[in-house]
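Chemist: I'd like to ask some things about the structure below.
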Amino acid sequence: MAIVLYVGGSKDGDKGLVPHGFSKSRAETEQGPEIYTERFMELQGIGRIRVMALESMRDDIVHQRTSQLYR
């Protein structure tokens, strides 16, 4: 298990447990399903981190949101 940060959608900013080896998760919301995919990114001063981000989000937006949420 690993603690990951969720970026985007209804889970934005939540931290949760995701088993190692899981690269996708799905959340059911009133607006419909949200699919989160695993991404690794480098944050300056922190290093490489694992996040679960909405599948439809561009990498640059995920990086920006992650930088804001992680600190």
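The values are calculated or read from the model by the stated rules, or taken from the named source; none is laboratory data. Remember, predicted model here, so these are calculated numbers, not experimental data. With ideal geometry, Cβ positions are generated from the backbone for all residues, glycine too; neighbour counts draw on all protein chains shown. Note: accessible area is taken over every heavy atom of the protein model, side chains too, but ligands, DNA and RNA are not part of it. Shrake-Rupley method; radii C 1.70, N 1.55, O 1.52, S 1.80 Å.
Chemist: Check every one of the strands (runs of 3 or more DSSP E) wholly within segment 1-51 and list those with 3 or more residues that are touching a residue at least 12 places away in the same chain (Cβ under 8 Å) and under 18 Å from Leu69 (Cα atoms).
Modeler: Fully inside segment 1-51 and qualifying: 2-7, 15-18, 32-43.
Chemist: Taking Leu5 as the residue in question, decide whether it is under 9 Å from the mean Cα position of the chain (by Cα) and open to solvent by less than 20 Å² (accessible area, probe 1.4 Å).
Modeler: For Leu5, the condition - under 9 Å from the mean Cα position of the chain (by Cα) and open to solvent by less than 20 Å² (accessible area, probe 1.4 Å) - is met.
Chemist: Right, here's the next one. Of all residues in segment 20-44, count the ones that are among the aromatic types (Phe, Trp, Tyr) and in contact with a helix residue (DSSP H, G or I) (Cβ under 9 Å, 6 or more places away or on another chain).
Modeler: Within segment 20-44, residues that are among the aromatic types (Phe, Trp, Tyr) and in contact with a helix residue (DSSP H, G or I) (Cβ under 9 Å, 6 or more places away or on another chain) number 1.
Chemist: While we're on this one: Inside segment 19-60, can you point out the residues that are under 13 Å from Gly8 (Cα atoms), surrounded by 14 or more Cβ atoms within 10 Å (Cβ to Cβ) and among the basic types (Lys, Arg)?
Modeler: Arg39
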